[in-house]
Amino acid sequence: MKSIGFLALGAALSACATAAPPADAPSPTPERLDPAVALATFDSAWSSVNRTFWDTTFYGVNWPAVRDSLRPRAQQATTNPELRRVITAMLNELGQSHFNVIPGEAGESLRAAGSTREGDPGDAGMQVRYVDGRVLVTRVVPGGAADAAGIRPGWVVEAAGAMTAARVADAVQKLTGTVNARRVAYMAAGGVGAALRGTAGDTVQVKLTDGEGRTVERALVLRQLRGQMARFGNLPPMEVRVEQDTLHASGRTIGVIGFNIWLPAAIPALDRAVDELRGADGIVIDLRGNPGGLGGMAPGWAGHFVDRRDTLGTMITRRDRVEFVINPRRVNAAGQRVQPFAGPVAILTDEMTASTSEIFAGGLQALGRARVFGATSSGQALPSLMPRLPNGDVLLHAVADMIGPGGVRWEGPGVVPDAPAPVTREALLAGRDPALDAAVAWIVEQNSRR
Amino acid sequence: MSFRTSPLRALALAGAALTVAAAPAQAQTLPTAEQVVARYVAAIGGEQAITAQQFRRVQIEMSMPAAGVTMTGEMLQARPNKALMNIEFPGIGSMRQGYDGQVAWSLNPVQGAKILGGKELADVLRQFDFEANLRFSHLFRSMETVGRGEMNGEKCVNVRMVTEGGDEVLNCFADDDGLLVGAVVKTSTEAGQTESTITFHDYREFGGLKMPTRTSMSAGGQQMEMVVKSMSTDPIDASVFELPAEIKALRQ
């Protein structure tokens, strides 16, 4: 951040995060909505976008006409869920990422993610991805519910709660042709992933196909999230988790840093991880599944790996251009003089890598400072704001375009890996991680050339 | 006086205001920039009141509704240009910027520690000048009256001021009392090119000087409101302005 300037502050605050699509989970009967509030909420959402959308032609969308056609439906909405569907339909007309309505209350957000009751948030302790027409378990968290139930990476998810493979296939079919394949994969995995989260203590029935082709059914009791719950601004509480590991390959020591979201609560652990891995022969930054977060954190953390003043990208609003300036980090958190990490840096991405994560990965890639491994990222990389609407919901709306070094644009195309290493069922069943394996091999090779 | 849309700028601008029974503006002819500025200085309290102050401690509250964030902050200043600004950002922590008379710096958890140079340094020196509201002619390369206008519902005289670095400020001085109503600021730095609109409200007297207690800023589709909670001119210990350990380490 250049100084504590307003716009720079605004840039730092820009929530470059995407929201996973909610599952169609049961929810309590919603309260009736006052028609005046419904209309005010719709108008507020429309006006916010009208005032801030960076392209004054709205990329050819007749924005006033969109309002005129949907406003009567908003007026007739009698519940918040109904109103959200109308506003979402309006926002979808723009065809851009980062236009979402986030339910106002944390409990409501949680219920939208699959739970029907209040309590500490929990999950099944497994990650999933949509690969070759199937939802695969790509990671099982040691000690989590899935681990305890014997579920292993590479297994195929046939059902998670009400989210069955047939429903996923149906949704995929409807989406195909309207959005690109990565967005389809993002939505499919996001929907199943949401069904695997809820309130700690909830039970989620899952049905899977194991490595031998056998059907396995389990009742997973969701366990409390392992990370720290953190709030930022109008966003609902979210889990923040930073993981750090050290691998050894061909006599080299390789640090691995993975984290699930760019929120300030992660900063101390992220800074500490770089400090502790400063002597490593290379660092792998695992951004797979990381949907973004606070935009200003990307250039801030990039300063640990870049020893010159540079920019990760430019945020272009209607009137302004704000650079994501990298400040080389030459002092650590303890106040000691250090140098930014100078060894090889590999970044792992997949179709669930979005927003701030794409700015970070794509920016360092374009600057020639990092090599990207894995799958092409989500392609949702727009800085956004999150004002509260009259009904208490939060409107996530992009306010700027984002252009990377050399003019590269990640919105849509995503960050394309230098070394594609997509995940496969065979690799997962064999206990391999193609992207991480390729990144480690590259770091070893880089060191042998030194 | 600074020209960027920072809270610092708003504070600097706000930190000067004396209501003097200013002469009514001439309806037909435009006053010179020097005349407008002289009237403003008189309006906020006069040169003597400005030069009488040795210290300033201003406590503020800022909010950015579009982000759902409310911050508290404090700006400390001592003659001639020592300054420390600290904003406590919920969820992030302390965001600081300062100048000890020799080194300008910034320090925050997101970007880390940084010593400011070049245009950034020049900007900060203007922001931190204790007499920023008095020394327009020293702080701007040029200033000229460019017409009349209206801002925030008040008729005003527009004075265009340009810094050595080429940044432009269109200051709007009220016809009726000479106070600063608002400004449109265009800047270009390594952090980008920005245009912002600032309006000042609710002038009140603190330590013999009038300053706006509410400032609204708009830029990039975002709004920010800043409210002065208190201001004092009591002495401030010099140690407050010493460089933080992180900045000292950077200088090694």
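Over all projection directions, the Cα-based convex hull of the range A:365-450 averages an area of 9.0 nm². Taking 20 Å as the cut-off for C-alpha to C-alpha distance, list the pairs among B:114/B:248; B:186/B:210; B:114/B:186; B:119/B:186 that go past it. Distance filter (> 20 Å) returns B:186/B:210; B:114/B:186.
Normalised by the number of residues in the range A:369-450, the mean separation of alpha-carbon contacts (under 8 Å, six or more apart) gives a relative contact order of 35 percent. Relative contact order of the range A:265-330: 27 percent, from C-alpha pairs under 8 Å at least 6 residues apart in sequence. Placing dummy labels 7 Å off each Cα toward the beta-carbon, the span from residue A:179 to residue B:201 is 4.0 nm. Cβ-Cβ distance of residue A:120 and residue A:203, R₀ of 22 Å, FRET efficiency by 1/(1 + (r/R0)^6): the value works out to about 0.90.
For chain B, the fraction of C-alpha pairs farther apart than 29 angstrom is 25 percent. The convex hull defined by the C-alpha atoms of the range A:128-237 has an orientation-averaged projected area of 7.9 nm². Membrane-span-like helices in chain A, defined purely by DSSP H runs whose alpha carbon atoms cover 27 Å or more axially and whose average Kyte-Doolittle hydropathy reaches 1.6, do not occur. For the range A:280-333, what does the alpha-carbon gyration tensor say about shape, rounded, prolate or oblate, given a ≥ b ≥ c as the root eigenvalues, a/c under 1.5 as rounded, and a/b over b/c as prolate? Judged from the Cα gyration tensor, the range A:280-333 comes out oblate (a/c at least 1.5, b/c at or above a/b). Between residue A:164 and residue A:245, full extension at 0.36 nm per residue minus the direct alpha carbon distance yields a gain of 25.7 nm. As a proxy for reagent exposure, ranking B:75, B:143 by other Cβ atoms within 10 Å from fewest up yields B:143, B:75. Rounded to two decimals, the Cα-based Rg/Rh of the protein assembly as shown, with Kirkwood Rh, is 1.01.
Under the criterion of Cα pairs below 8 Å and six or more residues apart, the relative contact order for chain B equals 25 percent. The translational diffusion coefficient of the range A:292-381, from Stokes-Einstein at 37 °C and 0.692 mPa s with a Kirkwood hydrodynamic radius over alpha carbon pairs, comes to 240 µm²/s.
FYI, it's all coordinate maths here, none of it is from the lab. Bear in mind the structure is a predicted one, so any value in this text is a computation, not a measurement. Reconstructed Cβ throughout: ideal geometry from the backbone, glycine too, with neighbour counts over all protein chains shown.
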